Amino acid sequence: MMLTVDDINTDHQAYAATRAEMRKRMIPVRAERRVRVGDIVAFEFENLDTLRYQVQEMVYTERLTERSDVAHEVEVYGRLMPSSHALTATMFVELRATESVREELAHLDGLQRAISLEIDGESAPAEEIRGTEEDLDMPSETVSVHMFRFPLTDEQRDKFRDPEVAVELVVDHEAYNDSTPIEGATRRSLIADLTLRS
């Protein structure tokens, strides 16, 4: 299943009438798929529902109506669709002291290259999903939001789908090292992602 332009409502007045209810419905969905690792890093694992909502909100707030403009947003966010052998997530670095954010991010330089899933003791490194206009030959700058894909081998996928197998989301950076188990409702939700076709 993929995100398409036809999934998005460009009738802004009609969407406005249902927006509060849509937000209310999405809050528990996003909460269930949110994993905090340590004090300031949180991940939200994406699926069709979360991505459709993000694009719909973008189209609404930007008042986009042209099909080509909507298609561009669908293309950008559609890269975050999970598949049978890959989970996807958006990482948020949640820094509160706005006057020192630049210095804090400099201290965390390279954080986006220190993310992995640990499945039954085996590491599955995250791959950063770079911006469509970024120079992929240049290392990305550490900012407050990054997007990731976690590609899995057949064996890793099968182990992830077994709730008895330990899985942790790991940040292993010299200035920030922590991990969180993925279990319960979050694990069940992500297992459902891995039933999707590639």
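The values are calculated or read from the model by the stated rules, or taken from the named source; none is laboratory data. Source: prediction; values computed, not measured. Here the Cβ is made from the backbone with ideal geometry for all residues, glycine too, and neighbour counts use every protein chain on show. Heavy atoms of the whole protein, side chains included, go into the accessibility calculation; ligands, DNA and RNA do not. Shrake-Rupley method; radii C 1.70, N 1.55, O 1.52, S 1.80 Å.
Going by the conditions given, is LEU194 open to solvent by less than 30 Å² (accessible area, probe 1.4 Å), over 16 Å from GLY38 (Cα atoms), modelled with pLDDT under 95 and among the aliphatic types (A, V, I, L, M)? Before the answer, list the steps.
Working: open to solvent by less than 30 Å² (accessible area, probe 1.4 Å): yes; over 16 Å from GLY38 (Cα atoms): yes; modelled with pLDDT under 95: yes; among the aliphatic types (A, V, I, L, M): yes.
Taking the combined requirement at face value, the residue satisfies it.
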Next item on the list: Looking only at segment 1-35, count how many residues are free of Cβ contacts under 8 Å to residues at least 24 places away in the same chain and part of a loop (DSSP other than H, G, I, E, B).
Entry: 1
Next item on the list: Out of ASP69, ASP120, ASP11, report the one residue that is over 21 Å from the mean Cα position of the chain (by Cα), under 24 Å from THR153 (Cβ atoms) and acidic (Asp, Glu).
Entry: ASP120
